[in-house]
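One structure below.
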Amino acid sequence: MMRVGISYDPIYLEHKTGNHPENPRRLEETVKLLKSEGVFERLRQIPTRPASHDELLLVHDESHIRRVESFSRAGGGWLDADTVLSPESYEVALYAAGALLRAVDELIRWDIDSIFCLVRPPGHHATPLRAMGFCLFNNIAIAAKYAIKEHGINRVLIVDFDVHHGNGTQEIFYDDPDVLYFSTHQYPFYPGTGTVEETGDGAEKGKCVNIPLPAYSGDEEYIRVYEEILVPIAERFAPEFIMVSAGYDPHWADELALMQLTTHGFARIVEIIKNLSEKLCPGKLLFTLEGGYNLTALSHSILATLKVLMGERDIKDPLGKPRIVRKPPSIEPIIEAVKRVHNLP
């Protein structure tokens, strides 16, 4: 039995966003399913804590932190066209970021293989200066900086399979020698970044690996990318810690995008990442929730993720394959371009 932890706190439900796609029901339905399947109680419960102001400053400018805090405490509302806050959102966001920091501590200090942080608000769009795309603070970027600063980790691999490119994470680490950012995402799509040519600055070229996939890419396309590109990239980089921005909006039933992944497809992606972690950095695998807005697809895909991490194979997929299968354009030119740019065989 693999030793797997979950970090969850009911405080995440206090980020009240009404009928916004990113709402408390995402976690309520997931926790309900995990408990009904008898999985939740089999996971090691990881305590949460708020991130400190200084920990936020590892990634974010003072002006951004103060803006989110003051806007939330003044009653909240629409910070931009996509991102809404309630009066409690600033404090909740502190606990979302802090959960990952506590998880980093647990993975480094104790006998545990992996941890899934079931948090909200998500984070991968947040830049040093701006909240956007439902995200307030960049949870995974703060965790990577924290692991490097507080625990002496030298190389962190961040894998992002959300349907949207994590522009904030890329911006934060674009010239950072210690972090390699790998993203699969629908392109062209929000936020408009993530081309193959975006590879990093100066001496750190190659530390951003973007695979911009066409609409209607599904299990076959995604699995090929992870097997043919992520595996050799990760083995060459030799990370000491792997962190995953786990967005489940590439699922075919998710109405915010046009991809065709299934729950079994997510399970295979997670298996590939887990195998890399076991080979390269055992006991240093951290997942954090990003997107995913169809409640059935989200909850069952998270359940599948946890079962794979636990070493189990009885994956339940109530939604099955896409009702209408649309053939995407060939991804061969994208594969070839990425391999050429990143010097892969």
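Please work out which residue is surrounded by the fewest Cβ atoms within 10 Å (Cβ to Cβ), limiting yourself to segment 189-213 and to residues that are in contact with a Ser or Thr (Cβ under 9 Å, 6 or more places away or on another chain) and not small (Gly, Ala, Ser).
Among those residues, the one meeting the criterion is LYS205.
For residues in segment 256-312 being of a type in the set (S, T, N, Q) and farther than 22 Å from LEU100 by Cα, which is surrounded by the most Cβ atoms within 10 Å (Cβ to Cβ)?
Filtering first and then ranking leaves THR263.
Out of the residues in segment 322-345 that are β-branched (Val, Ile, Thr) and assigned to a loop (DSSP other than H, G, I, E, B), which is nearest to VAL209 (Cα to Cα)?
Step by step, filter segment 322-345, then rank; the result is ILE331.
Could you check segment 135-168 and list, in sequence order, the residues that are surrounded by fewer than 24 Cβ atoms within 10 Å (Cβ to Cβ), in contact with a strand residue (DSSP E or B) (Cβ under 8 Å, 6 or more places away or on another chain) and assigned to a loop (DSSP other than H, G, I, E, B)?
ILE153, ARG155
Mind checking which residues of segment 18-43 are within 19 Å of ALA99 (Cα to Cα), surrounded by 16 or more Cβ atoms within 10 Å (Cβ to Cβ) and either among the charged types (D, E, K, R) or at pLDDT below 95 (or both)?
The answer is GLU22, ARG26.
Here's a check for you: in segment 181-238, which residue that is of a type in the set (A, V, I, L, M) and in a loop (DSSP other than H, G, I, E, B) is farthest from HIS125 (Cα to Cα)?
Filtering segment 181-238 for residues that are of a type in the set (A, V, I, L, M) and in a loop (DSSP other than H, G, I, E, B), the one farthest from HIS125 (Cα to Cα) comes out as ALA238.
Contact list please: Cβ distance under 7 Å, first residue in segment 308-319 and touching a residue at least 12 places away in the same chain (Cβ under 8 Å) and more than 16 Å from ILE273 (Cβ to Cβ), second residue part of a loop (DSSP other than H, G, I, E, B) and not aromatic (Phe, Trp, Tyr), pairs at least six apart or on different chains.
ASP317/THR262; LEU319/ALA253
Looking only at segment 37-68, filter to residues that are outside any loop (DSSP other than H, G, I, E, B) and under 22 Å from the mean Cα position of the chain (by Cα); which one of those is nearest to VAL92 (Cα to Cα)?
VAL68
For segment 17-36, enumerate the residues that are at negative phi and not in a helix (DSSP H, G or I).
THR17, ASN19, HIS20, PRO21, GLU22, ASN23, PRO24
Residues being part of a loop (DSSP other than H, G, I, E, B), within 15 Å of the chain's Cα centre (by Cα) and either among the small types (Gly, Ala, Ser) or within 17 Å of ILE153 (Cβ to Cβ) (or both): count how many of those fall in segment 92-129.
Total satisfying the criteria: 2.
Examine segment 107-117 for a residue that is under 21 Å from PRO250 (Cβ atoms), of a type in the set (A, V, I, L, M, F, W, C) and modelled with pLDDT of 95 or more, and state whether such a residue exists.
yes
The values are calculated or read from the model by the stated rules, or taken from the named source; none is laboratory data. Keep in mind that this is a model prediction, so the values were computed, not measured. Neighbour counts run over all protein chains shown; Cβ positions are idealised from the backbone, glycine included.
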